[in-house]
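First the structure, in the form of C-alpha cells, and then the observations on it.
Any read-out appearing in this document is the output of simple, stated calculations on the displayed coordinates, not a laboratory observation. Quick caveat, the model's predicted, so the values are computed rather than measured. Cβ placement follows ideal geometry from the backbone for every residue including glycine, while neighbour counts extend to all protein chains displayed.
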Amino acid sequence: MSGIKKPVLLVTGNDLAPQALELLKDFDVTFAGKQCSEETVLALAKEKDPVAIIVRYGKINASIMDAAPSLKVISKHGSGIDVIDQKAAAERGIAVKAAVGANAAAVAEHAWALILACAKSVPHLNDRMRAGHWDKSTHKTIELSGRTLGLVGLGEIGRRAATTGVALGMNVIAFDPYAKSAPAGVTLVDSLSQIYRESDVVSLHCPLTEENRGMLNRETLAQFKDGSILVNTARGGLIDEPALAEVLASGKLYAAGLDSFAVEPMVAPHPFQQIPNLILSPHIGGVSDAAYVNMGVGAAKNVLAVLQEAATSA
C-alpha cells in the first residue's frame, strides 16, 4: 500500500491544526507558505495537480483552477468565500465550500473588543498614561447601556454580537433580508438607512458581494448619527476608505474600529495610520486558538464530504 500515490491537497498557508491534518492523513498535504502570491499558488497547482485546495491566505482565480485539472473542491479556512472566483469554479464543476460558523464566536468577540475599545477610549487612554498623563478630570467615556446597536447582517456572527448587546442593556436593531428570525431582544428593521440613522454603534457582519461593495460611502456615512461608532469585522470592501477617513477627521463619527481593509495587508503608509480616533487590527478577528482548530477541521471535513460524494456518484 505504501507505493500508492496519495492525492494532493494544497493549503494556501503554512500550517493547519493537528486535528485537521489527522482527518487529511490520506492526502499529500502541501503548504504554499504565508506569502501566497498568485504566482506561488499557480506554480504549485501546475506542479502538484491537487484534488483539493484549502484557502487560508490569498485568492483563487480561474488561472489557478485551470492549472489543476484534477481539482474538485476549494474549501475556505473560514466563512468568507469572496476570495474565491465562485463563477469560474461553477463553470468548471468545482465545489466551493466554507467552514460556516467555525470562527463565529471569535469574530463576534473581536467586534465587541473593538466596540468597547472605541467607546471607552482604551488605546488613547493607555497611550496617555504611558506618556505620563492622568486624564480623570477631563475625559469621559461613552456608556453603551441604553444606546442603540445596529447590526448589518444577522448570521452566526451577527447573532452572537446581538446577544451580547442585549446583555449589556442596549437597544439592538438589525438589518438582514435573509433572516427569518432574530434573537430575543433584537428588532429586525426594513432598511439599512434606518440602521444608519438610529444607531449609536453600527457593526458590520455581512458577506461582501458585488451588490454591497462600497455600501458605506460619503452618502451613506452622512446618514449616521453624529458621534456614533462604526466597527467592521467583516470585509474591507464594504467601506469606501477615503470617505471613512473624512468623516472620522471631521468628527462626524466618534470613532471606528476596523479589522479588515480594501487591500490586505493594509498598504503602508496609509491615511488610516494618522487618524487618532480609528482603532486598527490586522484581520485577526477570526484567528483565535479555538477558531484555528474549528476552521481547519471544518475545511477538512468539507473537502472529505465533496470528494466522498464525487467518488460515490462516479
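Side notes on the structure shown:
- Convex hull (Cα only) mean projected area of the range 11-75, reported in nm² to one decimal: 3.9 nm²
- Under a 5 Å amide H cut-off, with hydrogens placed 1.01 Å from N, ASP28 pairs with VAL8, LEU9 among residues at least 5 apart or on other chains.
- Estimated 222 nm signal from helices in the chain, with DSSP H stretches of n ≥ 4 weighted -39500 (n - 2.57), rounded to 500: -10500 deg cm²/dmol
- On the principal axes of its alpha-carbon atoms, the chain has extents of 75, 46, 34 Å, going from largest to smallest.
- Its residues counted as N, the range 213-300 yields a C-alpha radius of gyration over 2.2 N^0.38 Å of 1.21.
- Net lengthening on full extension, GLU309/ALA268 (0.36 nm per residue, minus Cα-Cα): 10.2 nm
- For the range 174-230, the Kirkwood estimate of hydrodynamic radius, built from reciprocal distances between every pair of different alpha carbons, is 12.4 Å.
- Length available on full extension from LYS87 to LYS25: 0.36 nm per residue minus the Cα-Cα distance, which gives 19.3 nm.
- With R₀ set to 45 Å, the beta-carbon distance separating ARG128 from GLN35 gives a calculated FRET efficiency near 0.75.
- Percentage, to the nearest whole number, of Cα pairs in the range 104-280 over 26 Å apart: 26 percent
- Taken about its Cα centre, the range 104-280 carries a charge dipole of about 500 debye when Lys and Arg each add +1 at the Cβ and Asp and Glu each add -1 at the Cβ.
- Straight-distance crosslink candidates among aspartates and glutamates, where the alpha carbon sits under 14 Å from LYS59 and sequence neighbours closer than 8 are dropped: GLU38, GLU39, ASP82, ASP85, GLU264
- 17 Å cut-off, amide nitrogen to a point 7 angstrom out along LYS120 Cα→Cβ, residues in the range 132-149: 135-136, 139-147
- Loop-exposed GluC sites (Glu not before Pro) per DSSP, neighbour cap 15 Cβ within 10 angstrom, longest uninterrupted part of the chain: 1-142
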